[in-house]
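Notes follow once the structure below has been shown.
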Amino acid sequence: MILLGDVSVYDETGERRYTGINIFTSKAGIKRAAYAHEDSRFITAHRLNNPTETDITAIERELVTTTYQDFEEFMLNRQGLLP
């Protein structure tokens, strides 16, 4: 969600430019990069397997991957997750 500003978002489908308030979705596992053309604010929201989890380290372990091998394993085993 873009709250304010002017941002270009790049992913495997191409480039989209957002200004002002915009809400958009991305597929699970998609890699993207953003370029802010001006001061901008945005929020990301993610689905957790345990929505009551409060341990930041556990949440990061679930949401962040540091290698492509981990990413590929996640994509193979993502049963029950949204497409």
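Quick note: the coordinates plus some simple rules give every number you see, no bench work behind them. All values derive from a computational prediction rather than experimental measurement. Note: ideal-geometry Cβ built from the backbone for every residue, glycine included; neighbour counts use all protein chains shown.
Enumerate by residue number the chymotrypsin sites (Phe, Trp or Tyr not before Pro) in region 12-61 meeting two conditions: DSSP loop (anything except H, G, I, E, B), and at most 10 other Cβ atoms within 10 Å of the site's Cβ.
Qualifying residues, ordered by number: PHE24.
Calculate the spin-label point distance for ARG41 paired with THR13, positioning each point 7 Å from the Cα along the beta-carbon direction, and give it in nanometres.
Here the answer is 2.7 nm between the modelled labels.
Among the GluC sites (Glu not before Pro) in the chain, which ones are in a DSSP loop with at most 15 other Cβ atoms within 10 Å of the Cβ? Mind listing them?
Of the GluC sites (Glu not before Pro), the ones in loops of the chain whose Cβ has at most 15 other Cβ atoms within 10 Å are GLU12, GLU38, GLU53.
Say the dipole of the chain comes from +1 at the beta carbon of Lys and Arg and -1 at that of Asp and Glu; which of GLY14, LEU76, ILE59 then lies farthest toward its positive end?
Of GLY14, LEU76, ILE59, it is GLY14.
I need the semi-axes of the equivalent ellipsoid of the chain: take the C-alpha gyration tensor, multiply each eigenvalue by 5, square-root it, list largest first in whole angstrom.
Semi-axis lengths for the chain are 26, 16, 12 Å.
Tell me what the chain gives for mean residue ellipticity at 222 nm when only DSSP H runs of n ≥ 4 count, each as -39,500 (n - 2.57), the sum divided by the residue total, rounded to 500 deg cm²/dmol.
Values: 2 runs with 17 residues, N = 83.
Dividing the helical sum by the residues of the chain leaves -5500 deg cm²/dmol.
How much length would be gained if the chain were fully extended between ASN22 and ASP55, taking 0.36 nm per residue of separation minus their Cα-Cα distance, in nm to one decimal?
Values: separation 33, 0.36 × 33 = 11.88 nm, distance 2.96 nm.
Between ASN22 and ASP55, full extension yields 8.9 nm more.
So which trypsin sites (Lys or Arg not before Pro) in the chain pass both tests, a DSSP loop state and at most 14 other Cβ atoms within 10 Å of the Cβ?
Loop-located and lightly packed - LYS27, LYS31, ARG47, ARG78.
Could you give each residue of region 10-23 its phi-based ³J(HN,Hα) in whole Hz, using Karplus coefficients 6.51, -1.76, 1.60 with θ = phi - 60°, and x for Gly or Pro?
Result, rounded to whole Hz: 10, 8, 5, 8, x, 10, 10, 10, 10, 10, x, 8, 9, 10.
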